[in-house]
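Below is one structure, written out as structure tokens, with a few remarks after it.
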Amino acid sequence: MTGQRRPPGRDRWRSLAVAVALAALTAVIPASPAAAARAVGNGEFGITPAPGSNGSPAPYFVMTVPAGRSVVGTAIISNPGTRTVTLRIGRSAGVTAGNGGSAFNPSFGGCAGSACWVTGLPGTVTLPAGMGDRQPFTVHVPARTAPGQYLAGITVESAASPRSVQVGSNGKGAIARAVIIDQVTVAVAVTVGSLDQLTTRLQIPAVTGVAIGQLARLSILLRNTGQTFTGARGGASCTAGGQRYAYTVAAGTVLPHGQAAIPVNAPGLPKGRAFSCTVLLGYGHGLTVRWAGTVTVPALPATRIYHTGAGAYTVVPAGSSVPPWAIALMIIGVLALAVMAVLLRRLRRGPGHETAKHG
């Protein structure tokens, strides 16, 4: 499997002694280094494949399953924290991230695509501090599934309702809050058919120019029309104004039938006029994909800034004519809002909030 992004690695957690019944299908075990997956967020949980015959766990599940057949795996869900936690277990569909690399869409209670192949996991698990839980599961590939590589995942998150936390403040009483959900996913990569008979193929349908503020950027559309996971590396070269510019291109995993827009920062390229570019990427086992054509990075429109009130500004395109009466209306509007705010504040205080004393 080429270019597959690996889930998080392992932290070395303190091993706890506990007797485990060998005949048990599901057993609570110590969260020892051999069974530990690095927790995310608050460090209270993790998930990893059970160790293989060499005693070391793989970073994610790699399975070869013929269509219409099943295989069994075992995941270890771990709690390296200092308190008991209850976790929800869900199945995730593997997808290509927008800018390349593998990502997951978790679902707790439902499933989509190859995530539905994963069965046999409980909905929740409760783990004491410093302990782990072996959870067997089955991957069943439906009959007549086309040969290729498919990505699913097993996701765990806290079963407790997430709380909102403060993430920012303007220093004047306004506070920004967000609900942060910690999740960790272990990938389940399934190959249907013989890997050496699968096709690996990438295409570059288009390259466009993008302006991020003053920074020029190339956006390379990379499409996987093959049957295997693959990433790509190479370069882009552009010629503008008689000068040649070269940039490194690194694309993460693109899943079969997926695509990604690979961003490449391109300082030096002009804005507002066309120039020629060539992109050459290598992938798989000695394969290459090439694109050549004309690219234009859009020029940012010139703007003018009008001061319309205390701490208030209005930005308008420099080429547009803003009549004086329109600017006057903007200023009047800002002043009217300020007066209304003062009046509302006084009305809320009421007559009982006088601070002066009359003697």
Query raised in the report: Can you give the Kirkwood hydrodynamic radius of the stretch 51-146 from its Cα pairs, in Å with one decimal?
Result: 15.2
Requested in this report: Starting at the first residue of the stretch 206-215, write each ³J(HN,Hα) from the Karplus equation 6.51 cos²θ - 1.76 cosθ + 1.60 with θ = phi - 60°, in whole Hz, x for Gly and Pro.
Outcome: 7, 10, 10, x, 9, 10, 10, x, 8, 8
Query - Spatial extent of the stretch 144-267: Rg and Dmax, with the Cα atoms as the point set, Å - result: 21.2, 64
Report task. Enumerate the calculated ³J(HN,Hα) couplings along the stretch 144-154 in order (Karplus 6.51 cos²θ - 1.76 cosθ + 1.60, θ = phi - 60°), each rounded to whole Hz, writing x wherever the residue is Gly or Pro. Result -> 6, 5, 5, x, x, 9, 10, 10, 10, x, 10
Query - Amide hydrogen neighbours beyond the local backbone of residue 132, cut-off 5 Å, H modeled - result: 29, 31, 79
Query raised in the report: Could you give the distance between the Cα centres of the stretch 98-114 and the stretch 192-223, to the whole Å?
Result: 20
Query raised in the report: Which value in Å is the Kirkwood Rh of the stretch 53-98 over different Cα pairs?
Result: 14.7
Query - For residue 145, residues with placed amide H under 5 Å, excluding near neighbours - result: 68
Report summary line: Note to self: with every protein chain in place and a 1.4 Å probe, the stretch 68-143 gives an accessible area per residue in Å² of 40
Requested in this report: Label the stretch 259-304 by shape, choosing from rounded, prolate and oblate, from the square roots a ≥ b ≥ c of the eigenvalues of the Cα gyration tensor; if a/c is under 1.5 it is rounded, and otherwise prolate applies when a/b is larger than b/c, oblate when it is not.
Outcome: prolate
Report summary line: The long-range amide H neighbours of residue 101, using H built 1.01 Å from N in the peptide plane and a cut-off of under 5 Å, are 252, 253, 254
Report summary line: Taking only C-alpha positions in the stretch 84-133, Rg and Dmax in angstrom work out to 13.6, 39
Report task. Quote to one decimal, in nm, the extra length available between residue 299 and residue 84 on full extension: 0.36 nm per residue of separation minus the C-alpha distance between them. Result -> 71.8 nm
Query raised in the report: ³J(HN,Hα) across the stretch 156-171 via Karplus (A = 6.51, B = -1.76, C = 1.60, θ = phi - 60°), whole Hz, x for Gly/Pro?
Result: 10, 8, 5, 7, 6, 5, x, 9, 6, 10, 6, 10, x, 7, 8, x
Query raised in the report: So how far apart, in nm, are the two label points at residue 62 and residue 112 if each is 7 Å from Cα heading toward Cβ?
Result: 2.8
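The values are calculated or read from the model by the stated rules, or taken from the named source; none is laboratory data. Just so it is clear, the model here is predicted, and its values are computed rather than measured. A quick note on method: Cβ atoms are made from the backbone with ideal geometry, for glycine too, and the neighbour counts reach across all protein chains shown. Side chains included, ligands, DNA and RNA excluded: accessible areas come from the protein's heavy atoms. Shrake-Rupley method; radii C 1.70, N 1.55, O 1.52, S 1.80 Å.
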